[in-house]
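Trainee: Okay, handing you the structure first.
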Amino acid sequence: MQKIPQRNLTKGTSSSDGTDILNGVKPVVLLIQIYMPLVRFLDLTQLSKCQTPLGEAGICLGIKQCSSLMELLVKQRHKPEVVNYLRSAVCGYDNLEPKVCCTESIGKPLDDITNFYSNRIISFYQVSMYLVLDIEIDRPVASQPEENLKFPSISDPNVLTKNQTPKPKPVPVSTTTTVKPVITPVIGKNKRSVLPEPGVCGVNTQFNVRVVGGTNASLGAWPWVVALGYKSTKNPRMPAYLCGGSLITDSHILTAAHCVYNRKNLFTVRLGDLNLYRDDDGAHPVEIPIADRIIHPGYNPTTFVNDIAILRMEKPVTFTKLIRPVCLPIEPDLRTKDYVNRKPFIAGWGTLSFNGPSSDVLQQLQVPVVSEGECRRAFEPFKTAVIDSRVVCAGYLRGGKDACKGDSGGPLMDYEFRNKLGVFYQIGVVSYGYKCAEPGFPGVYTRVSKFADWIIDNLYE
């Protein structure tokens, strides 16, 4: 089966006055994809209100329509604080093209924006989006030689790194029928679940219960980890993989709400893969369109409270050695377990470091769970962070390893013995953190056990 092709970055043209920029320069990947501004009349009553990173009221529009931020971008893009400000000003997306919170009073913020980023939490989806959206703004070849352009391609099939070879065809949508899994009996009063039994769920073919550090996963190690595909405006047939998730039944994916909320371009699930951009890895991935999406009704996109969602695929998938569901902690003893001092696993194709490269090979890592109190103290400076029993925090407080090595929406997994059988349970969903692997800050995961009844109530065929 063929893998997704990629394309080279294209040359852009720019101008010294910010409208028609100098010729003969190479493109630089910065933040958001921008084309030259077009004269356009806007009906402001149809635009969404927003708040800038400095707390000012603004309107959410494409950056090419926002002269104040365009001026910052064109004239001061070399300043890290400006880049960080623009990143945090993103307020939405038109397909994969980002929009920013615009106010024409933004001529003044440079004195303020130097430190604004230090008090902001971000979802790992945002980290991924910052990395994969390329901007056709140019610099002279001398200051940015082509040889130094090595940019992550994991989340955008339109971007090709220096040493990668494009593939000829996308993976076709699966049309296979399913073998029905074993059904879990009644759970609670009048509740019946389509969740598979332990032994059907939570079993992998490459058993390695100890992963010392972030490493490439083996084929079949995490057969429930999936990649979520978003439509690309450059090539609608080629998904951009920006979030992760986990297979929990033959038809359902568990992921983070922030990967689904206002993401109309989310349309497909990729299952059973190892290397997203090679077809010599032994995997036989399938892609299945998304039929329904269910976001937790209490989800808050500002605080990431109740950051959990379910996707239902158009067709059930057949379980194989490389495509299997993970178990969920629905048993009473697992619902109350705090996992402190345990070292569960994360896996995904996400960024390898904050603002660093992504991996095209599935990564795996163990991270220690920290107490709720310790996590609350770490995030005390952040007004929007809500640390309570609905989340589990995990990570090395000394930094260096974190869920940036897994995708947003991907699973946090622990190993349990049930009836003399060792299986993996998903105890968390990758939600948010401060930067990535930042010393003193664990990653924050939605605690799956707190949402077990909601999940069960929303599983249907």
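The values are calculated or read from the model by the stated rules, or taken from the named source; none is laboratory data. None of these values were measured; they are calculated from a predicted model. Reconstructed Cβ throughout: ideal geometry from the backbone, glycine too, with neighbour counts over all protein chains shown.
Trainee: Any chance you could count how many residues in the range 222-266 are charged (D, E, K, R) and within 14 Å of the chain's Cα centre (by Cα)?
Mentor: Selection size over the range 222-266: 1.
Trainee: I want to confirm something. Restricting to the range 256-294 and keeping residues that are of a type in the set (Lys, Arg) and not in a loop (DSSP other than H, G, I, E, B), which single residue is farthest from Tyr432 (Cα to Cα)?
Mentor: Within the range 256-294, the match that is farthest from Tyr432 (Cα to Cα) is Arg270.
Trainee: Same structure, new question: Quick check on the range 311-322. Is at least one of its residues in a loop (DSSP other than H, G, I, E, B), modelled with pLDDT of 95 or more, under 23 Å from the mean Cα position of the chain (by Cα) and within 19 Å of Gly422 (Cα to Cα)?
Mentor: Yes, the range 311-322 has at least one match.
Trainee: Starting from residues that are out of contact with any Cys (no Cβ under 9 Å at 6 or more places or on another chain) and in a strand (DSSP E or B), keep the ones in the range 414-427 and report whichever is surrounded by the most Cβ atoms within 10 Å (Cβ to Cβ).
Mentor: Ranking the qualifying residues of the range 414-427, first place goes to Ile427.
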